[in-house]
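Trainee: I'd like to ask some things about the structure below.
Throughout, read-outs are computed from the coordinates displayed, never taken from laboratory work. On a predicted model such as this, the values are computed, not experimentally measured, just so you know. A quick note on method: Cβ atoms are made from the backbone with ideal geometry, for glycine too, and the neighbour counts reach across all protein chains shown.
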């Protein structure tokens, strides 16, 4: 017989609602720990659940792959439960050039995405042209290069929005901060 404490019951109920809801509406989910109970998560949207974890909780293949691709050891980690039940580890740190990086990796070490901040001069002109069409005169706060399955996407962060623009400038996605 399984005996759950009140926080355990709340966690089980929250996870059950999130899992059942995922089958009806698939989207990204965010969750956060309740201040006094680290193991209790509250889902804010439907889909997956994300939480910060200690690096010691990251499987060795995931940590090794992220370290190899970033060229530096990550110093932050979180894990996200995907709608299909799989886990994606998001490992972050600072590379040897002093720029922040974020690597999304599976527990088996398969790299999903690598984001790294880059100098504005490293961004192709086609990306800036696309940005200027949609946000002329935008004040750029940071520029990032995202590698996804061998494709480069540049992320331009402004005070109100962040733009994902493919390297050729032909596809642009706008996200509100």
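Trainee: Using a/c under 1.5 as the rounded threshold, could you call the stretch 118-177 rounded, prolate or oblate? The axes a ≥ b ≥ c are square roots of the C-alpha gyration tensor eigenvalues, and prolate needs a/b larger than b/c, oblate otherwise.
Mentor: Judged from the Cα gyration tensor, the stretch 118-177 comes out rounded (a/c under 1.5).
Trainee: Right, next: Could you order peptides 169-177, 96-104 by the average number of other Cβ atoms within 10 Å of their residues, highest first?
Mentor: 96-104, 169-177
Trainee: Ordered by packing density, taken as the mean number of other Cβ atoms within 10 Å over each peptide's residues, highest first, how do 86-94, 144-152 rank?
Mentor: Top to bottom by mean Cβ count within 10 Å: 86-94, 144-152.
Trainee: If you take the beta carbon distance between residue 119 and residue 78 as r and set R0 to 30 Å, what does 1/(1 + (r/R0)^6) give as a FRET efficiency, to the nearest 0.05?
Mentor: My answer for the efficiency is 0.65.
Trainee: Continuing with this model, one more query. Where does the stretch 54-112 land on Rg/Rh, using Cα atoms and the Kirkwood Rh? Intermediate results must be reported in sequence, preceding the final value.
Mentor: On the way: Rg = 10.8 Å, Rh = 11.2 Å.
Rounded to two decimals, Rg/Rh equals 0.96.
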